[in-house]
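Derivation of every value follows stated rules applied to the coordinates shown; laboratory data play no part. Predicted model only: the values in this text are computed from it and were never measured. Here the Cβ positions follow ideal geometry from the backbone for every residue, glycine too, while neighbour counts run over all protein chains shown.
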Amino acid sequence: MGCWWHESLALLYAHTVKSESPDLLSFVDWMSCSDPYEDARFDSLQSFMLLAVLAHSGVLLADEGPLGDVGRTIITPLLLVSAVVGLGWRRFKPYCVMLTFGVTSFWLVQAWPRFANHLFLEWSVLLFLSLCRGDTRLGLAALRWLTAIVLFYSGFQKLILGHYFEGQFFLVQIASSPKFRVVFEMLLPEDEVARLVEWGAQFGTGPYETADTFFLILSNSIWIGEMMLGILLFFPKFRNLALVIAIGLVAGIEVGARELVFGCLFTLLILNFHQGRNAIAVWPIFAAIQLLSVAIRLVMPDLRFN
Amino acid sequence: MSALSRRRIVAGLIVLYLVWPLIQQQLVRVYRVNPWKFAGWAMYTAPNARVRIHLFGVDTTEQVVHLGWRMSSGLRSAVFEYAHSRRTLGLFVQPEPIANQLLIDRPDFREWTIVVEQVGLTPRNHFGVIHRSRYRYANVAGKLGPVEVRSQLEADRVQENDIM
């Protein structure tokens, strides 16, 4: 029973970790591109991550549990020092990214097992930025791999585990989540929305189905789009088209989900596929949005953007 | 670190990132862990996990007693804590703390059954019980006996009856 597992793992080990031939590792370069701004791009991602993780840690300040205590006394102060030193003194930036990676690892351990995937994504980006600080091309290729994997699996998991074929997931969200209702109620007849709101996703209610063709197309286009875009990003010919659609998709999802920590980071990771200088210049805007969204959450807890 | 070593590590990590979501998917299907968690990128696949817990005891007259919500603060907090963990870790976490609290609260019972129901969208798109586990603990001379577990997927069960 375990044989094929052992053989597969041994094969993977031989082809990656143990491989002496660079050819066997060449799949990493599928995501490389001739980028004249490689170093600047890597540097901007480092700067963004220093501020992004600091902004994200702001949510711990309002946490009244034990994680909040750890956040207020250890995590946020260390991330603040790391961001100030890293952005103030350029030569210390790579070390500050490593410190931020260490603190984020500590945060993950403290939050286990209830950490959000957003935190894990931040941790993963910091991992590659720390690991590849001497090889920016490799680091950017790894981050592009990570982006395509996240995008593809977001769709694939909806296909296998999700409730999207008949629009069920979004119907439940309309029934139970005011922030989703604002977006999707425009797409359904008024009486159908009223029925869903009355059900409120309570035990025994249903069926959560609709015959509205546009709603069904929208529901299914989400998972199909995510999978397709994840694959299209591998092909240089389609990259620009895929990244424009992917940014549109993330923006569309964020209108309902309002999770700006994820939205800003992921948009910047998608922009990483674009070889122009403009994609580098926007990082301060995204960092500012993140800092602002956390500040709003601390001042007005009901108005959540994370 | 040499360039080749760095490349090997990055390649290994990419393979791991490629394979892990498939493993997480199986953890969700088989062990009922929360699809939103554990880096499987399965956020927004299913409505947030909900759990319902029912407590039963068998008294000295062989009568099955449903404990309902008349419980001590210790038991209430054990149930709350367990429900919280169960929503995330699924079948990996067992209700031992609840059973221990039941032993303290009702030492006169011969056995206790803890029924844990996962509530979600059924195949017919109703909100109902999609998975049920029963944990049976015997009272062996004032101590908890070995647990007997029965878990099963439920299809379209939206009725309150037949919990035991």
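List, in order, the whole-Hz ³J(HN,Hα) value for each residue of the range A:230-240 obtained from phi through the Karplus relation with A = 6.51, B = -1.76, C = 1.60 and θ = phi - 60°; use x for Gly and Pro.
x, 6, 4, 5, 6, 9, x, 4, 9, 4, 5
Once the Cα gyration tensor of the range B:1-45 is found, what semi-axes does its equivalent ellipsoid get, as square roots of 5 times the eigenvalues, in whole Å, sorted largest first?
The three semi-axes for the range B:1-45 are 29, 9, 7 Å.
Could you give each residue of the range B:107-114 its phi-based ³J(HN,Hα) in whole Hz, using Karplus coefficients 6.51, -1.76, 1.60 with θ = phi - 60°, and x for Gly or Pro?
For the range B:107-114, the Karplus-derived couplings read x, 7, 6, 7, 7, 10, 10, 10 Hz, x marking Gly and Pro.
So for the pair A:Leu108, A:Leu80, with labels modelled 7 Å out along Cα→Cβ, what separation do we get in nm?
For A:Leu108 paired with A:Leu80, the spin-label model returns 2.6 nm.
Please label the shape of the range B:1-157 as rounded, prolate or oblate, based on the square roots a ≥ b ≥ c of the eigenvalues of the alpha-carbon gyration tensor (a/c under 1.5 means rounded; beyond that, a/b larger than b/c means prolate, else oblate).
In terms of gyration-tensor shape, prolate.
Order of A:Lys158, B:Lys37, B:Lys143 from fewest to most other C-beta atoms within 10 Å?
The fewest-first ordering by Cβ neighbours comes to B:Lys143, B:Lys37, A:Lys158.
Which order do peptides A:39-46, A:27-34 fall in by mean Cβ count within 10 Å, highest first?
Top to bottom by mean Cβ count within 10 Å: A:39-46, A:27-34.
Taking amide H atoms as placed 1.01 Å from N in the peptide plane, list the residues 5 or more away in sequence, or in a different chain, whose amide H sits under 5 Å from that of B:Val51.
B:Val119
Hey, rough spin-label estimate for A:Trp89 and B:Glu96, points 7 angstrom out along Cα→Cβ, what's it come to in nanometres?
Result for the modelled spin labels: 4.9 nm.
Beta carbons within 10 angstrom, averaged per residue: use that to sort the peptides B:50-63, A:54-67, highest first.
A:54-67, B:50-63
Which parts of the range A:101-120 would a label at A:Ala62 reach, counting a residue when its backbone N lies under 18 Å from a point 7 Å out along Cα-to-Cβ?
A:116, A:118-119
In percent, what relative contact order does chain A have, based on Cα pairs under 8 Å that are 6 or more apart in sequence?
Over chain A, the number comes to 21 percent.
Tell me, what ³J(HN,Hα) does each residue in the range A:278-287 have, in order and in whole Hz, if you take phi through Karplus 6.51 cos²θ - 1.76 cosθ + 1.60 with θ = phi - 60° and put x for Gly and Pro?
In residue order, the calculated couplings are 4, 5, 7, 5, 7, 4, x, 5, 5, 5 Hz.
In a solvent-free Debye calculation with one equal scatterer on each Cα, what is log10 I(q)/I(0) for the range A:167-306 at q = 0.11, 0.18, 0.22 Å⁻¹, listed in the order of the q values?
Scattering profile of the range A:167-306, log10 relative to I(0): -0.53, -1.07, -1.24.
With viscosity set to 0.890 mPa s at 25 °C, what whole-number translational diffusion coefficient in µm²/s follows for the protein assembly as shown from Stokes-Einstein and a Kirkwood radius over Cα pairs?
D = 100 µm²/s.
Quick one: the Cα spread of the range A:168-209 along its three principal axes, in angstroms, biggest first?
Extents along the principal axes: 26, 18, 15 Å.
Please give the average number of partner chain Cβ atoms lying within 10 Å of the Cβ of each residue in A:158-166, rounded to a whole number.
Average neighbour count from other chains, rounded to a whole number: 5.
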